[in-house]
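Remarks on the structure that follows.
The values are calculated or read from the model by the stated rules, or taken from the named source; none is laboratory data. This is a predicted model, so every value here is computed, not measured. For neighbour counting, all protein chains shown are included, and Cβ atoms are generated from backbone atoms with ideal geometry for every residue, glycine included.
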Amino acid sequence: MRSRPFLLAFALCGALVLAGCSTGPGPQPTAPVDTEVVEPAVARDFPDPDILSTDDGYIAYATNANLRNVQVAVSEDFETWQLRSEDAFPDLPPWVIPGKTWAPEVSSLSPGVYTMYFTATDAASGRQCIGRATASDPLGPFESPDDGMLICPVDEGGAIDASVAFVEDDPYLLWKNDGNCCGLDTWLYASPLSADGSEIVGDRIPLVKQTESWEGDLVEAPTLVEREGELVLLYSANGYGGDEYAVGIATAPALEGPWTKSPEPLLETEGSPFRGPGGQDLVRTRDGSWRMVIHSWNRSYSAREMYVVPAEWSPEGDLLLTVP
């Protein structure tokens with residue numbers, strides 16, 4: 001199956017363009033060019049947003065901040081978002097060192113059960129690793145039923161940024177080995193999940209690693225969708241702390257590849273209203289339309305706020321974003 005080239009143009013209001021987190025400090029921020037101001041959907045620190053669609057609307061989960069291990073916002077229409085005061089994951093398991101509960105991903109793989117895959121510091125190894133928690137209510141409280149972390153390759157720097165994807169109806173957990181913590185390569189992997197999402201049931205499949213100059217020393221925050229027989233992988237790259245953080249895209253006919261990356265960022269600071277955009281999720285809403293959700297630094301670089309960007313697929317199968 002052929003891989004399609006992706007458009008890389010970015011312009012202002014009304015233009016169509018294509019359309020995680022790192023453990024190290026990012027580069028120093030620089031002011032972006034003068035572009036139209038876009039209002040955030042969540043105007044406070046709300047990094048690495050993940051969206052769950054429910055019968056009542058949509059739930060956004062985010063990395064720890066504002067005295068909560070997992071933050072939550074809700075919306076009925078994907079336009080207006082309301083922050084909730086409750087912590088979705090108030091009690092961390094005993095093998096976790098509090099303070100770094102990152103990039104929560106929530107899916108329902110069994111009736112009446114919601115599973116959260118989260119990144120936290122494993123007390124035994126000191127590495128960031130991926131754990132699992134469950135709840136009967138998507139708003140929580142989530143609790144971990146396990147005796148330890150689900151994925152924790154200590155000699156590869158640990159693991160972060162879990163996300164769930166279905167390929168030919170089979171569930172996979174995507175994740176990153178956190179090699180940039182230790183001078184190692186960073187790979188995005190897909191590990192097969194059991195039907196209920198409780199365990200890894202096969203060998204991991206390597207997808208992509210950092211290869212392009214704009215990616216710096218890392219790729220992370222994988223998001224995978226299956227589109228008309230082709231796999232589309234979105235990811236974030238470079239240091240999350242500054243303007244160099246950006247969203248990339250790659251395509252393949254199968255998880256095993258071959259994967260073809262776009263050589264340039266698909267959403268970046270330069271020429272856009274966003275500062276270090278990343279941590280993306282791609283969502284199909286109940287009316288059939290698509291939305292990309294990202295975080296972006298505010299003007300003072302003190303918070304990564306959540307933004308919603310309309311998306312669509314061109315007749316050729318390219319992913320296009322509309323910047324409001």
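Show the residue pairs that are 6+ apart or on different chains and have beta-carbon atoms under 9 Å apart, the first residue being within segment 34-54 and at pLDDT 95 or above and surrounded by 15 or more Cβ atoms within 10 Å (Cβ to Cβ), the second being of a type in the set (A, V, I, L, M) and assigned to a loop (DSSP other than H, G, I, E, B).
If the second residue must be of a type in the set (A, V, I, L, M) and assigned to a loop (DSSP other than H, G, I, E, B), the pairs left are Arg44/Ala303; Asp45/Ala303; Phe46/Ala303; Pro47/Ala303; Pro49/Ala41.
I'm checking my understanding of the structure. Among residues of segment 93-111 that are surrounded by fewer than 20 Cβ atoms within 10 Å (Cβ to Cβ) and part of a strand (DSSP E or B), which one is modelled with the lowest pLDDT? Step through it out loud before you land on a result.
First, the residues of segment 93-111 that are surrounded by fewer than 20 Cβ atoms within 10 Å (Cβ to Cβ): 93-95, 97-100, 108-111.
Remaining after also requiring part of a strand (DSSP E or B): 97-100, 108-110.
Details: Ile97: 96, Pro98: 96, Gly99: 95, Lys100: 95, Ser108: 96, Leu109: 95, Ser110: 91.
Result: Ser110.
Right, Gly202: under 20 Å from Cys181 (Cβ atoms) and either part of a strand (DSSP E or B) or modelled with pLDDT of 95 or more (or both) or not?
Details: under 20 Å from Cys181 (Cβ atoms): no; either part of a strand (DSSP E or B) or modelled with pLDDT of 95 or more (or both): yes.
No: the conditions fail for Gly202.
Quick check on my filter: what residues within segment 51-76 are among the aliphatic types (A, V, I, L, M) and under 14 Å from Arg291 (Cα atoms)? Break it down into steps so the answer makes sense when it comes.
Quick first cut of segment 51-76, residues among the aliphatic types (A, V, I, L, M) only: 51-52, 59-60, 62, 65, 67, 70, 72-74.
Selection gives Ile51, Leu52, Ile59, Ala60.
With (1) over 30 Å from Leu255 (Cα atoms); (2) modelled with pLDDT under 95 as the list, and Leu67 as the residue in question, which single condition is left unmet?
The single condition Leu67 does not satisfy is (2).
What number of residues within segment 277-312 satisfy the criterion of being at pLDDT below 95 and among the β-branched types (Val, Ile, Thr)?
1
Can you name every residue in segment 259-291 that is closer than 16 Å to Ser163 by Cβ and not charged (D, E, K, R)?
Scanning segment 259-291 gives Gly278, Gly279, Gln280, Leu282, Val283.
Just give me the residues in segment 69-92 being surrounded by fewer than 19 Cβ atoms within 10 Å (Cβ to Cβ) and either in a loop (DSSP other than H, G, I, E, B) or acidic (Asp, Glu) (or both), in sequence order.
Matches in segment 69-92: Glu76, Asp77, Glu79, Thr80, Arg84, Ser85, Glu86, Pro90, Asp91.
Going through Pro265, Pro258 one at a time, which residue ends up being in contact with a strand residue (DSSP E or B) (Cβ under 7 Å, 6 or more places away or on another chain) and modelled with pLDDT under 95?
That would be Pro265, the only listed residue that is in contact with a strand residue (DSSP E or B) (Cβ under 7 Å, 6 or more places away or on another chain) and modelled with pLDDT under 95.
Answer with yes or no whether Pro145 is surrounded by fewer than 18 Cβ atoms within 10 Å (Cβ to Cβ), over 17 Å from Val164 (Cβ atoms), in contact with a Phe, Trp or Tyr (Cβ under 8 Å, 6 or more places away or on another chain) and not small (Gly, Ala, Ser).
Working: surrounded by fewer than 18 Cβ atoms within 10 Å (Cβ to Cβ): yes; over 17 Å from Val164 (Cβ atoms): yes; in contact with a Phe, Trp or Tyr (Cβ under 8 Å, 6 or more places away or on another chain): no; not small (Gly, Ala, Ser): yes.
No; evaluated as a whole, the condition is false for this residue.
Here are some conditions: (1) modelled with pLDDT under 95; (2) touching a Lys or Arg at 6+ places or on another chain (Cβ under 8 Å). Thr211 meets all but one. Which one does it not meet?
(1)
What residue, among those in segment 112-142 that are within 21 Å of the chain's Cα centre (by Cα) and not in a strand (DSSP E or B), is surrounded by the fewest Cβ atoms within 10 Å (Cβ to Cβ)?
So, considering only residues that are within 21 Å of the chain's Cα centre (by Cα) and not in a strand (DSSP E or B), the one surrounded by the fewest Cβ atoms within 10 Å (Cβ to Cβ) is Leu139.
Across segment 289-321, what is the number of residues that are among the polar types (S, T, N, Q) and surrounded by 22 or more Cβ atoms within 10 Å (Cβ to Cβ)?
Residues of segment 289-321 that are among the polar types (S, T, N, Q), as a first pass: 289, 296, 298, 300, 302, 314.
Filter again for surrounded by 22 or more Cβ atoms within 10 Å (Cβ to Cβ), leaving 296.
The qualifying residues number 1.
Pairs please, first residue from segment 277-288 and buried (at least 24 other Cβ atoms within 10 Å of the Cβ), second anywhere and assigned to a loop (DSSP other than H, G, I, E, B) and hydroxyl-bearing (Ser, Thr, Tyr), Cβ atoms under 9 Å, 6+ apart in sequence or on different chains.
So the pair list comes out as Pro277/Tyr245; Pro277/Thr269; Gly278/Tyr240; Gly278/Tyr245; Gly279/Thr63; Gly279/Tyr240; Gly279/Tyr245.
Residues that are touching a Leu at 6+ places or on another chain (Cβ under 9 Å), over 26 Å from Asn66 (Cα atoms) and of a type outside the set (D, E, K, R): which strands (runs of 3 or more DSSP E) entirely in segment 210-324 hold 1 or more of them? Quick ask: steps written out before the conclusion?
Numbers: elements: 219-227, 230-237, 246-252, 278-284, 290-297, 304-313, 319-322.
Here the list reads 219-227, 230-237, 246-252, 290-297, 304-313, 319-322.
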